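Following: one structure in C-alpha cells, then a few remarks.
The values are calculated or read from the model by the stated rules, or taken from the named source; none is laboratory data. Source: prediction; values computed, not measured. So basically every Cβ, Gly included, is an ideal-geometry build from the backbone, and we count neighbours across all protein chains shown. In case anyone asks, the SASA skips ligands and DNA or RNA and just uses the protein heavy atoms, side chains included. Shrake-Rupley method; radii C 1.70, N 1.55, O 1.52, S 1.80 Å.
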Amino acid sequence: MDATLPPFGPTLSIPRPRDRRTVPRPRLVQRLACAEPSAVLLLRAPAGYGKTSLLAQWTAAEPRLCVWVTVAGDPSAVIATIARALHVIEPVPSELRTTLTLERTVDRPLLDALSALLTARRRPFVLVLDDVHALRGEGATPLLELLGVCLDGSSQLVLAGRTDPPLPLARLRTEERLVELTPAQLALDDDEARQLLGQSDIELTPRDIEQVIACAEGWPAALVLAARAVDERRRQAQIAETIVTGADRLIADYVREQLLAELDPATRDLLLRGAPLGRLSGELCDGVLGRTGSGLTLRGLAHGNMPIAALDRDERRYRLHPLVATALLAELRCADPAWELEAHRRASAWCERHGDTARAIDHAVEAGDAHRAGALAWNALPAHALGRSPEQLDGWLAALGEERVVSLPTLALAAALRRLAAGHAADAARLAAGAERTRGGVPERSGCPLSGGIALVYAALSRAGVAQMRAGAESALASGVEQRAWRSLACLLAGVGNALAGRSEWAQDLLTDAAWQASSVPLVEALCLAQSALLALDRGEPERAVVLAERALACGEQCGVPQPPLFALVPAVAAFAHAQCGALDEGREALAHARRLLPPEADLPPWHEAQLRFALARTLLLLTDAAAARGQLARMSRALRQLPDAVVLHVWIEDAWARADAFAASAVRGPARLTLAELRVLRLLPSHFSLREIAGRLEVSANTVKTQAQAVYRKLDVSSRSEAVARAREVGLVDGSP
C-alpha cells in the first residue's frame, strides 16, 4: 500500500506514474467532473486500460482535496491509510486516531470509528481507492459499503479496479448514484491511439499503424505491446510479417502475467480449452468441455480482469479480445495440441444439434472435416451462394482449399454456384463437371439430391440451349428437390426456360412459385421478379413492369451484401421499364446501377447475357443513344449463338435491330439517307463475312447485297468496305462488333 502522502497542490496523495506516456482524455474527464457529488465513481476494466492515468488527469483539475489510496493490503490497513490522509486535512481526534491506525480485524467498533471520522469532516474531499480489486478479506464488503454511505454529500468515493467491487451496484444504479466507466468507454478511439503511438520512439509505417490500432481495439496496453512487437520483428528482418497476434511473445507474456495468473485452475482451464470455440456461451462450453456452470464463470470473467465482452444484453454469449483469444490458443497448442481439432469436432456436433448450421460448418471447416462441412452446407447451399452470406461460403471454401473442394461434389457445386453468381460461368461449368465426375459413392440427400443440384447448375449455364435449360430444371424438380432454397432456384430456371420458349403462362406460374419460396435467397427472388417484369413489358404493361422491377431492386438492397454481377439484370430491366414509361431520369439511374455491377471480364450464362443486353439496348434507344444500343445488341447476338431455340429472344433482337436501324436511318438526313435494307448490310460489314456470306445470312441474292453495299459506300462518301466501316463508326451507325 502507498502510505506516503506528499502534498501536491490540493491533492494529498497522487499515484506514482506507471508509464510516462499518457493521452489526454478530456471527454472522460468531463464525464467524471459532471458527476453528482453523491454518486460513486467506478472505473472497472482489466489491466492496461488506463484507469490510473485517467484518474490522475481528473484529480489534477479537481477543486476538492483528493486522497489517493493504492490498495495493496487488508481492509484494516486501508482504513489506517485513510485516517492518516484525512488527518492532514483536518486533525483526527486522538481517541479515534488510535483506534483507526492500529491494523486489526475489521469489526463493528472499527467501522463505527471510521464512520464517525468521515461524518465529522467539514472540508469536502475525494477519496480514490485505486486497485480496489486487491482489497480482500472479511472486512472488504463492510468497508466499501460504509464508504458508499458516508461519502454521499459533498465528498465523493472513487473506485478503480479490475473487477466489480463488493458493493450493491444494482441498487446504486437504481438510485442513480453510480457513474461507471467500463472497457467500452475506456478504450482509446483511433485518434487517441495514434497520439499514444506518437509518444513512442518506435517508427511505424502508416500501414503498421492501421494494423496495430485494429488489432488492439482500443486497449492501451495491447496497443503499446503490438507496436513493440512490430518493431522487434522488423529489427529481426521479418519485415513481411507485421500482423501481430496474441501468439507474439510480448503479448503472450502479458496475458499470462496480468490476466491468467489471477485465475483459479478451473477458470483458467475453461478459457484455454474453450479458446478454439470463438464466440463462447455457457451451454456451448458445458457441452464441448463436459462441465457445468460455464455460464456463471463467463459472466464473472466479463465483470473481472479479462477482456471479454458480452454480445447480448442477457449475457449468454461472449467474445474474447482477439489478442487474448490467439494468446490462449497458442498456449493451448503448447499444452495440449490434439485438443484443438477435437474441440472443433465436438462444437460442430453440438451446433448441429442446436440448429446453428452456420457455426456447425465453421467448426467442421476448422477441424478440416470437408465431408462434414459439405454435408452440413448442402441444404442451405443456395442461401449461402446466392443469398445473404456469400462471403461466409467464400471463407469456408478458402479455408478448406481448392484440392479438397474439387474432390467433394457437394463443395464443388457450392463453389460452382458461387462462381456463377460472381460472373464466372466457365469456372462454374468446370466445377460442375468435376462434381458430376466425383459424385459416385456420395449418398443422395433429402431435400435436394446431388443429381438435382448438378442438373440445376447445368440448367443455369444453359450452354446447350433453352431446351436443355428447361430439361435440367425439370429434371431437378423431378429428382426430389424439396428444400425451399433449392426449389426456388429450380422454379426460376424452369420459368426462364419456358419464357424463352414462348410459354409465357407456364413461365409466370413457375416464377411466382419461385419468388414465394425464395425468402432465404434474395438474389433468386430478385431475378424472379425481374423475369416477371420482362414478361409484363412483352405484354405491353410497362407500369406493371416498373412495380415488379422496383420490388426486385428492393430485394437486392435488403440482402445486406454486395450485389454480384448476376444481379445486373435487375437494374437493367428496371431501367427499361422506367424508360418505357417515360421516366427517363429513373431509367438513367437504373442504367448506371446495372453498368456498375458489370465488370469488363464478366462471363455470364448466355440466357442472362442476352436478356441483360436486350434490356440495356432498349433503354439506350429510348434515351437516344443509338450507337451504344447497337453495341449492346451486338453482344446480345453473340450470346444468342448458344441459344438457337430461344424463340422469344430472337424475336426481341430482330425488333430491337429494326428500331436501331430506323433510328440510324432517321439520323442520316438529305440525299445520303440510308434505307433499312442498306443499314442491315452496313451492320454486317465490320464482320469477317464475305458479301456472298452476308447475302446468305440476310436471305437475299449476292447481287442485291453488292448493289446495297455500293449504295452505302456512295452515301457515306467512301470508296471501300474498310472506309465504310470507319465512317459508320464515326457517326454511330455500327460499333465494329460482328
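Consider R194 carefully, then state whether it is farther than 24 Å from E62 by Cβ, of a type in the set (D, E, K, R) and surrounded by 14 or more Cβ atoms within 10 Å (Cβ to Cβ).
yes
I'm trying to understand the selection: among the residues of region 351-371, which are in contact (Cβ under 8 Å) with a residue 24 or more places away in the chain and open to solvent by 40 Å² or more (accessible area, probe 1.4 Å)?
If the condition is that a residue be in contact (Cβ under 8 Å) with a residue 24 or more places away in the chain and open to solvent by 40 Å² or more (accessible area, probe 1.4 Å), then E352, H354, D362, E366, D369, H371 are the ones that fit.
From A309, A383, A330, A335, which residue is more than 16 Å from G282 (Cβ to Cβ), open to solvent by 40 Å² or more (accessible area, probe 1.4 Å) and touching a residue at least 40 places away in the same chain (Cβ under 8 Å)?
From the options A309, A383, A330, A335, the qualifying one is A335.
What helices (runs of 4 or more DSSP H) lie completely within region 622-685 and have 1 or more residues being at pLDDT below 90 and out of contact with any helix residue (DSSP H, G or I) (no Cβ under 9 Å at 6 or more places or on another chain)?
Ranges flagged: 647-667.
Say we look at region 22-63 and pick out the residues that are outside any loop (DSSP other than H, G, I, E, B) and polar (S, T, N, Q); which of these is nearest to V149 (Cα to Cα)?
So the residue we want is T59.
Only one of these is open to solvent by less than 20 Å² (accessible area, probe 1.4 Å), within 30 Å of A358 (Cβ to Cβ) and over 27 Å from the mean Cα position of the chain (by Cα): P522, P605, P571. Name it.
P605
Under 23 Å from L296 (Cβ atoms) and not in a strand (DSSP E or B): does that describe R346? Let's see the steps before the verdict.
On the way: under 23 Å from L296 (Cβ atoms): yes; not in a strand (DSSP E or B): yes.
In short, yes.
Identify all residues within region 85-101 that are assigned to a loop (DSSP other than H, G, I, E, B) and open to solvent by 20 Å² or more (accessible area, probe 1.4 Å); write none if there are none.
If the condition is that a residue be assigned to a loop (DSSP other than H, G, I, E, B) and open to solvent by 20 Å² or more (accessible area, probe 1.4 Å), then P91, P93 are the ones that fit.
Which condition breaks for P390 when tested against (1) crowded, with 22+ Cβ neighbours inside 10 Å; (2) closer than 30 Å to E557 by Cβ?
Tallying (1) crowded, with 22+ Cβ neighbours inside 10 Å; (2) closer than 30 Å to E557 by Cβ, P390 fails exactly one: (1).
So if I check each of S519, S475, which one is assigned to a helix (DSSP H, G or I), among the small types (G, A, S) and either at positive phi or touching a helix residue (DSSP H, G or I) at 6+ places or on another chain (Cβ under 8 Å) (or both)?
Of the residues listed, the single one that is assigned to a helix (DSSP H, G or I), among the small types (G, A, S) and either at positive phi or touching a helix residue (DSSP H, G or I) at 6+ places or on another chain (Cβ under 8 Å) (or both) is S475.
What number of residues within region 694-708 are in a helix (DSSP H, G or I), under 59 Å from the mean Cα position of the chain (by Cα) and surrounded by fewer than 15 Cβ atoms within 10 Å (Cβ to Cβ)?
Matching residues across region 694-708 total 2.
Filter region 340-392 down to residues that are in contact with a Pro (Cβ under 8 Å, 6 or more places away or on another chain) and among the acidic types (D, E) and give me whichever is modelled with the lowest pLDDT.
Here the residue is E366.
Which of (1) more than 23 Å from L597 (Cα to Cα); (2) at pLDDT below 85; (3) surrounded by fewer than 24 Cβ atoms within 10 Å (Cβ to Cβ) is the odd one out, the single condition C448 does not satisfy?
(3)
Kindly provide the set of residues from region 709-725 that are open to solvent by less than 80 Å² (accessible area, probe 1.4 Å) and not in a helix (DSSP H, G or I), ordered by number. Quick ask: steps written out before the conclusion?
To start, the set of residues in region 709-725 that are open to solvent by less than 80 Å² (accessible area, probe 1.4 Å) comprises 709, 711-713, 715-716, 718, 720-721, 724-725.
Listed by number, the residues that qualify are V718, S720.
Count, please, the residues in region 499-519 that happen to be closer than 16 Å to H608 by Cβ and open to solvent by less than 10 Å² (accessible area, probe 1.4 Å).
4
Return a yes/no flag: does region 208-228 have any residue that is in a strand (DSSP E or B) and either open to solvent by less than 20 Å² (accessible area, probe 1.4 Å) or closer than 30 Å to T105 by Cβ (or both).
Within region 208-228, none of the residues are in a strand (DSSP E or B) and either open to solvent by less than 20 Å² (accessible area, probe 1.4 Å) or closer than 30 Å to T105 by Cβ (or both).
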